[in-house]
């Protein structure tokens, strides 16, 4: 009886060791993949960064040179902050001044989420 108990215990220990080794081998490649993924930097889409021509109305705010869409949004935000056009209480709302009103389609105020929607209507691709 004593030999049977000893062999059963030895068998259990051996299977636990094998199980630990196999799980350790499986986990190692995942860690290596995560580490490799952290080193590579994400590149912006070339189409997203393509320069676009602003309309005459939008050119008063962002300039007349061709400019990528993210830079248009950045320059519009600079203009909004410079002239204090963001609502003090509800920071999502942007109040239009004389230059922004025609870009916003005649609206007195728009939300920050609509800002790029209205700006994109005043951008055209370079032929």
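For region 104-127, taking the residues that are over 25 Å from the mean Cα position of the chain (by Cα) and not in a strand (DSSP E or B), the one that is surrounded by the most Cβ atoms within 10 Å (Cβ to Cβ) is identified as 107.
One residue alone among 30, 21 is more than 38 Å from the chain's Cα centre (by Cα), at pLDDT below 70 and not assigned by TED's automatic domain parsing to the domain that holds residue 119, and that residue is 21. Residues that are more than 21 Å from residue 70 (Cβ to Cβ) and touching a strand residue (DSSP E or B) at 6+ places or on another chain (Cβ under 8 Å) within region 87-127 comprise 87, 93, 95, 96, 108, 109, listed in sequence order.
Determine whether residue 45 is modelled with pLDDT of 95 or more and not in a helix (DSSP H, G or I).
So residue 45 does not fit the description; no.
The values are calculated or read from the model by the stated rules, or taken from the named source; none is laboratory data. All of these numbers come straight from a predicted model, not from anything done at the bench. Cβ coordinates were reconstructed from backbone atoms using ideal geometry, including for glycine residues, and neighbour counts include every protein chain displayed.
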